[in-house]
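In what follows, a single structure is set out as structure tokens and then discussed.
Values quoted throughout were computed directly from the atomic coordinates according to the rules given, and no laboratory measurement underlies them. Everything numeric here is computed off the predicted structure, so don't read it as measured data. Backbone-built Cβ (ideal geometry, glycine too); neighbour counts: all protein chains shown.
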Amino acid sequence: MTPAELPGKLRQLGADVRDRAAVDAADAMAQAFQRTVVKSMTGASVPGQPPARRTGTLARSVRPEPAKLTGAGRASSSVAPHTVYARIQQLGGDIYPVRAKALRWKVKTFGPLQKGAKRSNYVYALHVYLPPRPYIFMNSERRQQCRSAAVKAVSAVVKEALSG
């Protein structure tokens, strides 16, 4: 390399580091956010709190998308659930039967019996309201974890560029 080629080579190296750092930071933030969302799904499912983890399907469906470069030194990524019931858990709403006459679910306790009724472990309903259980949201704790992950990712890219 000649001395005249050096400035161009350094500019190219700077652009490569800038773009790689942006993508790595966006990936790191998305993964940190996804971890905190999944970690919040524990315990009892109280309205207004994240849903309880019963089977783990909703938690497994929350996935970060790979980061994409959107401009010079800019990248974006997203985290989203991919189950059919994710939206109603987040926002709440009314549930109606689609393929049957009524909704049915099994319970452990028995309610009072009406005259002539048989004791059953099932409850039937024509409609159920599910209160919101938001779990995909940004708060100060999650923001700090995402920021820390991004700083680590950018530091690693810069350290690699300086050593290599």
Kirkwood Rh (inverse of mean 1/r, distinct Cα pairs), the range 36-81, angstrom: 12.4
Extension length gain for residue 84 and residue 72 (0.36 nm per residue less Cα distance), in nm, is 0.7 nm
Compute the acute angle (0 to 90°) between the alpha-carbon long axis of helix 6-40 and the principal axis of greatest extent of the alpha-carbon atoms of the chain; round to the nearest 10°. 20
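For the chain, count all C-alpha to C-alpha pairs, find those more than 23 Å apart, and express that count as a whole percent of the total.
Details: 7774 of 13366 pairs.
Within the chain, distances greater than 23 Å cover 58 percent of Cα pairs.
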Let me have the relative contact order for the chain, percent, based on Cα pairs under 8 Å that are six or more residues apart. 30
Roughly what angle does helix 140-163 make with the longest principal axis of the chain, taking Cα atoms, 0 to 90 degrees, to the nearest 10? 30
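Add +1 for every Lys or Arg and -1 for every Asp or Glu among the other residues with Cβ under 13 Å from the Cβ of residue 18, and state the total.
Values: positive: 11, 20, 74; negative: 16, 19, 24.
Result for the neighbourhood of residue 18: 0.
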